[in-house]
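Visitor: One structure, pasted below without further comment.
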């Protein structure tokens, strides 16, 4: 058996070392699949202990109890003792836009200009990125590919992470526009006065944002003779077909940003970051604003704050009745595979584990507007899910056995697993 | 008033002839010298801050004090000035001034690439070492600035060129407006100066860090000694100057609190006691400051309150900054109480005229007035070794004194005159004639009531006819009263009268439309002074200092306890593995017993049922708690040590404790192939840097390979090495030189003591261990081969992301590994980094640790250890060792820490859950039996921080509403340090 494994590894490695290619995307689901006996975590806060899950043609056809007397059709996977999850969703990431942070040539994330909503991330998304494929063995199967920088950095799209090219990858094209709200305090990095200083141009930047919103809205009220690409790209915000992602952390900034966007007629707003959102939960609730909080693996910003504030922030906001998801937009791309552990950390602060799970599944899907098909295990939705040896929110037991995107069973191998096997093999044979 | 003063001073300066030397020719008239005496009689005289004559005479002649006493016989040729009701003090001295020495300006147009070599020849190899500078060569008397200083009460300043690390000598100069530099300069080599700050006009890269500056000074002293012994061919003007200035007073500009200790430590190593310029934070660590035995020079730059009237802005002001606003004025008082000798300086005050206000603040906070006066007179004189000339009013001393209306430290007191070297400078014209009171004024036909209030010097008047107050103009100058107003009947009156002192009636002329007539005024009611309200803080408003003095500091340093952990799941990290339902007794800082049902005795019992007890986590690679990380000025910096720059106040220490970390290796960064020496710390929150460093610490040094040392990811392209090929040559060259150095040293012939070579020699001798930052396999292999060539072993490869590719070779060499759990893709050389690395290396028999190199990740190293279970299938027991006993082994500390074993240090963590679970929290973290983190105490501290912030915010708002100066809210923040921090 061992020899067999080694031969298999060698064969794989031979291919790999010759072609240095990424994992081959899986073909469309041909055969129905049944997973029986697993603990199914539905992603909406509920759980089915001994579950029966069936999917066909990429869609879930049955989600229920294994005691259910119903015909099991297709290939059977024994899930006894295992855990089943909807694929995790990573919002506001530059996956596929940055391959190696220190290599400029591999970076396509920040275009020149302060107001460039017409700049679209999707066409630069590298579906064959080695970093992207490394998401999958941890259960991260979907991501919002997002440009960065400037005031309005561009338009994102949502992709699944097993594709030949960006067109195949896209599950929601041009879903949202990303507005980086200025900070009323700026951070001075150098010199003796290293630290936070009042930002004297805060109001000026707000005025620029205000006029950009007003101009782009006015532009859309008529049929212009001359096209203005940035203004045109904003129209989805006013019709409600696109969301506005506002990046703001401070109490004042959050109130300023949301008040402005609402008053200028933006229909659907998501707060990203929200470091001090816990101080304005009533406001956010009243304005019906969901929050994509920064990943829990962060330090407090200020010395006098609770040491565990970033850990418990999702809980504070959830307890206040807000719709909350987790993103790690500020982290490096490779860290995105730790998304489940960010949710796990929140559970360590007393948040119910299934609720913590929904922060990176059902809630993220709702916030990104893809909950019609993704985020939870429900009949009729996409079969984008995975089976894990144990609790997927804990790194010791996050061991993926099978993973599916739209019913396609995807490879869980990566550049990294191949190197692992190659060198284990070297030492075993020496 | 102000304008009048200025005119008078200008008049005086231009009218008095400048005094020339005797042998100078006189071309403006006939030669005439004044040998008369001047006596100030009936004054209160502070001969010294503690010798006070209540009513006496000060007699001066030719710029010197002749006598000061209650009874002084006046020679006949004495001009007598009645100074009744006035007080005479020796004028003040500023030891740390830049008066008359032009501030250097930074040169523009620097290139992207760093400048590594010196620009001068015939001098020391480092441009920031300039002891050959003599301020006297560039000194130019600055009359404008002098006036400012004279108004504040200063008579003498000690000035130097405030630029560079070794700054040369200073000049002691009087503010003699009427003299020349021949009279003014009391000492043209008054002291020699040092600092940790590079010259702003020089661009040489080294030293780029605080520890580099420290090492540079040490080496400079070694070299001066070597030079003095005649071992150097040719001339080095810097070393010559240093040796020449050896006998002078040595003054060190330290400024920040811990820099005072740092400076003193350099002095101690070379038998030099510096006088040290402090930063105003000394009160936080007064016992360590006192132990230096250094005299201090203290700034009075107490911060203004933060304007937190916008509630959003208060977030940015930390409690530690608020506290400093609240506590800093107590600095002089606390130092005085603890017997630290200090003088004051005007340095770092925004405006000279703020001086008195700040001084008064210090006094309101409890500094005795005599101490304040000493700090301005006798102590600076003593610091400068000039007690026989300046600082008091004893016989033969410079006649430098101020004449005031009373107690200098009273808010209302006026400085009338500031005499320097026997020459008068009028500051405020004295109106000694007190005419305040209520008067009846009678003219031929009318009666008015005149009320004069205000101060003696600046009286204010109001005039009434019957009960109606009339609009009037009033002036009283040089004993002449001028008063004009229009009465109810539209008649205009203009009064004038020369009033003699001490009369209760006066008369004069009044002009009306009818022409001149006489008037009489008669005092009806004498003036009464009302006591002024004190605007300064009540002492009860001062919040207590904590250790360290930030929000999460402790009021008292926590103490060692005897503790029994009952019924825990104990992760021993030893062969015993995991013991369930087990007790652990902690006593005298050690693990005293491990077993079932241990008896508590006097121990404090902690019920650990359902909880997990582990050894404290050890981070092999950290950059928290440091003031600088990289000395990037040279490609080898073995002479620097992180022990010089430990920052015990970093909140990161507290956070790390909250994540169960008890020990770490504070490593130098990865800018150089040969980095700096490590500091190995126990995170004893609240202790001094000294106390955090391990006793008998194993000796380590950071080496580095790859992109950082060849500067691939930043602009510089002019430093060797730029390739991995060059890196090998750096190592070979340095080790070869160290070997030769060692041979010379052993041979008994004289040798130049070289800190860098001494360190490398320790490596060759197996006394110091290398922890080498490394990524790709080629260079890992290379360093092992270099080490083998020089017959030693590399101790640790840290980061070592491609260690899995050469794990067999590493095992054979005997090197350990500390690596990231799952980092990769952030730069080109980590493209093949895989999270299975730790597992593969471990399976090849290498001692493997998981490190952080990150101030966030250090809080969750338990989780990072858990990742090795996922990636590579490590057993949980082995995984846990990756952050405890394995790093202890790598650091040669496994006989003391890293596992739960009888006799080892009680560095323990109590977890509420399986320690590697994502859901686990550290509840208690102990070091040597002292609880440094306790989740329950943390909750209480959150509350007390909220309360104290509210209290201080309220006090700051009060300052604002009282119209006191405020500053914009801002927040100082420590740099987030990583390997690459420059």
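Read-outs: derived from the displayed coordinates by stated rules, not from any lab. For clarity, every value in this text was computed on a predicted model and none was experimentally measured. Here the Cβ positions follow ideal geometry from the backbone for every residue, glycine too, while neighbour counts run over all protein chains shown.
Visitor: By how many degrees, 0 to 90 and rounded to 10, does the Cα axis of helix A:202-220 deviate from the longest principal axis of chain A?
Guide: Once rounded, one gets 80 degrees.
Visitor: Give me the orientation-averaged projected area of the Cα convex hull of the range B:707-814, in nm², one decimal.
Guide: Average projection, Cα convex hull of the range B:707-814: 7.6 nm².
Visitor: Follow-up question, since we're still on this one. Report for chain A the percent antiparallel among DSSP-assigned beta bridges with both residues inside it, nearest 5.
Guide: Among the beta bridges of chain A, antiparallel pairing accounts for roughly 55 percent.
Visitor: If the label point is 7 Å along Cα→Cβ of residue B:388, which residues in the range B:162-177 have backbone nitrogen under 15 Å from it?
Guide: none
Visitor: Now for a separate question. Only bridges whose two residues both fall in chain B count here: according to DSSP, what percent of them are antiparallel, nearest 5?
Guide: 65
Visitor: What per residue convex hull volume, in Å³, do the alpha-carbon atoms of the range A:276-430 yield?
Guide: 148
Visitor: Let me ask something else about it. Full extension from residue B:749 to residue B:808: what is 0.36 nm times the residue separation minus their Cα-Cα distance, to one decimal in nm?
Guide: Contour length minus the Cα-Cα distance gives 16.9 nm.
Visitor: Would you mind listing how long the range B:253-325 runs along its three principal axes, going by Cα atoms, in whole Å with the largest first?
Guide: 53, 18, 17
Visitor: Report, for the protein assembly as shown, the % of DSSP beta bridges that are antiparallel, rounded to 5.
Guide: Bridges in the protein assembly as shown that DSSP calls antiparallel: roughly 65 percent.
Visitor: Once both labels are modelled 7 Å past Cα along the beta-carbon direction, what's the residue B:395-residue A:123 spacing in nm?
Guide: Output for this residue pair reads 9.8 nm.
Visitor: What full-extension length gain, to one decimal in nm, is calculated for residue A:283 and residue A:215 as 0.36 nm per residue of separation minus the Cα-Cα distance?
Guide: 21.8 nm
Visitor: For the range A:88-374, build the convex hull from the C-alpha positions and give me its volume per residue in Å³.
Guide: Here the figure is 140 Å³ per residue.
Visitor: Taking Rh as the Kirkwood radius computed over C-alpha pairs, what is the Stokes-Einstein D of the range B:52-189 at 20 °C in a medium of viscosity 1.002 mPa s, expressed in µm² per second?
Guide: It comes out at roughly 116 µm²/s.
Visitor: With the calculation restricted to Cα positions, what are the radius of gyration and Dmax of the protein assembly as shown in angstrom?
Guide: Cα-based Rg and Dmax for the protein assembly as shown come out at 38.7, 133 Å.
Visitor: Suppose a student asked you for the relative contact order of chain A, using Cα pairs under 8 Å spaced at least 6 residues apart; what percent would you report?
Guide: For chain A, the relative contact order is 20 percent.
Visitor: Let me ask another. Can you pull a Stokes-Einstein diffusion coefficient for the range A:94-147 at 25 °C (0.890 mPa s), Rh from Kirkwood over Cα pairs, as a whole number of µm²/s?
Guide: The calculation lands on 204 µm²/s.
Visitor: Oh, and also: Can you give the average number of partner chain beta-carbon atoms within 10 Å of each beta-carbon in peptide B:304-316, as a whole number?
Guide: Average neighbour count from other chains, rounded to a whole number: 3.
Visitor: At 7 Å along the Cα-to-beta-carbon direction for both residue A:194 and residue A:30, put a label point, then send me their distance in nm to one decimal.
Guide: Computed distance between label sites residue A:194 and residue A:30 equals 6.1 nm.
Visitor: Over all Cα pairs of the range B:617-897, how is the pair count split among 5 Å bins, expressed in % and running from 0 up to the last occupied bin?
Guide: 1, 6, 13, 17, 19, 18, 13, 8, 3, 1, 0, 0
Visitor: What spacing in nm lies between the two simple spin-label points modelled at residue B:596 and residue B:232, each 7 Å away from Cα in the Cβ direction?
Guide: In this crude label model, residue B:596 to residue B:232 measures out at 7.3 nm.
Visitor: Then there's this: For the range B:925-976, what percent of Cα pairs sit more than 15 Å apart?
Guide: 69
Visitor: Quote to one decimal, in nm, the extra length available between residue B:877 and residue B:543 on full extension: 0.36 nm per residue of separation minus the C-alpha distance between them.
Guide: 115.5 nm
Visitor: Provide Rg and Dmax in Å for the range B:315-452, with only Cα atoms included in the calculation.
Guide: Here Rg and the maximum Cα pair distance are 21.4, 71 Å.
Visitor: Turning to a different aspect of this structure: Assuming a ≥ b ≥ c are the square roots of the Cα gyration tensor eigenvalues, decide whether the range A:372-421 counts as rounded (a/c under 1.5), prolate (otherwise, with a/b larger than b/c) or oblate.
Guide: Oblate, because a/c is 1.5 or more while a/b does not exceed b/c.
Visitor: Okay, moving on. Evaluate E = 1/(1 + (r/R0)^6) for residue B:27 and residue B:246, where r is the Cβ-Cβ distance and R0 equals 51 Å; express this FRET efficiency to the nearest 0.05.
Guide: My answer for the efficiency is 0.70.
Visitor: Please report the projected area of the range B:625-723's Cα convex hull averaged over all directions, in nm².
Guide: 6.8
Visitor: Just to be sure I understand: if I project the alpha-carbon convex hull of the range B:444-490 onto a plane and average over all orientations, what area do I get in nm²?
Guide: Projected over every direction and averaged, the Cα hull of the range B:444-490 covers 3.7 nm².
Visitor: So what's the Cα pair-distance distribution over the range B:149-201, bin width 5 Å, in %?
Guide: 5, 20, 21, 18, 16, 13, 7, 0
Visitor: Also, quick follow-up: Measure of size requested: the Rg and Dmax of the range A:26-74, with Cα atoms as the atom set and Å as the unit; please supply both.
Guide: 11.2, 32
Visitor: What FRET efficiency, computed as 1/(1 + (r/R0)^6) with R0 = 51 Å and r the Cβ-Cβ distance, is obtained for residue B:412 and residue B:695, rounded to the nearest 0.05?
Guide: With R0 = 51 Å, the Cβ-Cβ based efficiency is 0.35.
Visitor: If you fit an axis through the alpha-carbon atoms of helix B:355-364 and take the longest principal axis of the Cα set of chain B, what angle between them do you get, 0 to 90°, nearest 10?
Guide: 70
Visitor: Let me ask something else about it. Based on the Cβ-Cβ distance of residue B:488 and residue B:527, what FRET efficiency does E = 1/(1 + (r/R0)^6) give at R0 = 22 Å, to the nearest 0.05?
Guide: So, using R0 = 22 Å, E works out to roughly 0.25.
Visitor: How big is D for the range A:24-132, in µm² s⁻¹ as a whole number, if Stokes-Einstein is applied with the Kirkwood radius of its Cα pairs at 37 °C and 0.692 mPa s?
Guide: The calculation lands on 190 µm²/s.
Visitor: Counting just the Cα atoms, what span does the range B:437-526 cover along each of its three principal axes? Round to the nearest Å and put the largest first.
Guide: 32, 25, 20
Visitor: Shifting gears a bit: Under the Kirkwood approximation for Rh and a Cα-based Rg, what ratio Rg/Rh is obtained for chain B?
Guide: A ratio of 1.08.
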